[in-house]
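Inspection log for the structure reproduced underneath, given as structure tokens.
Throughout, read-outs are computed from the coordinates displayed, never taken from laboratory work. Just so it is clear, the structure is predicted and the values come from calculations on it, not from any experiment. When we count neighbours, we look across all protein chains shown, and the Cβ atoms used for this are built from the backbone with ideal geometry, even at glycine.
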Amino acid sequence: MIIRSSSSELRTAFEGWLASNRCKTTLTKEPFVLPGAEGTESIELDDQLCAPVAATLPYPNGIDWSTASAAIDAAVNSSRIVIVVGAIVWPLVAMLWQI
């Protein structure tokens with residue numbers, strides 16, 4: 001995990017974002033902004049699914065990992081905060097980044 005901002009800076013920005021009557025479920029639609037940053041980058045893992053995906057195929061096996069990896073890498077290189085959204089995201093991103 002790469003964090004280019006202090007935890008207090010993130011906490012302050014997120015508290016301000018929440019105080020404006022937003023909730024975590026709107027995080028990808030109305031991202032919060034850190035002072036001096038362009039904002040956040042959101043990656044939807046569902047957008048990285050191979051099409052069509054068989055209903056019997058486990059979610060992780062339906063993801064085009066090279067495309068997902070490239071999208072996440074590009075976001076990390078251009079944004080201070082990257083939000084990856086999808087089913088069971090953390091284990092998948094941890095596996096991808098070997099965290």
Task: Label point distance in nm, W65-C50, each placed 7 Å from Cα along Cα→Cβ - done: 1.2
Task: FRET efficiency estimate (nearest 0.05) - Cβ-Cβ, V89 to T12, R0 35 angstrom - done: 0.90
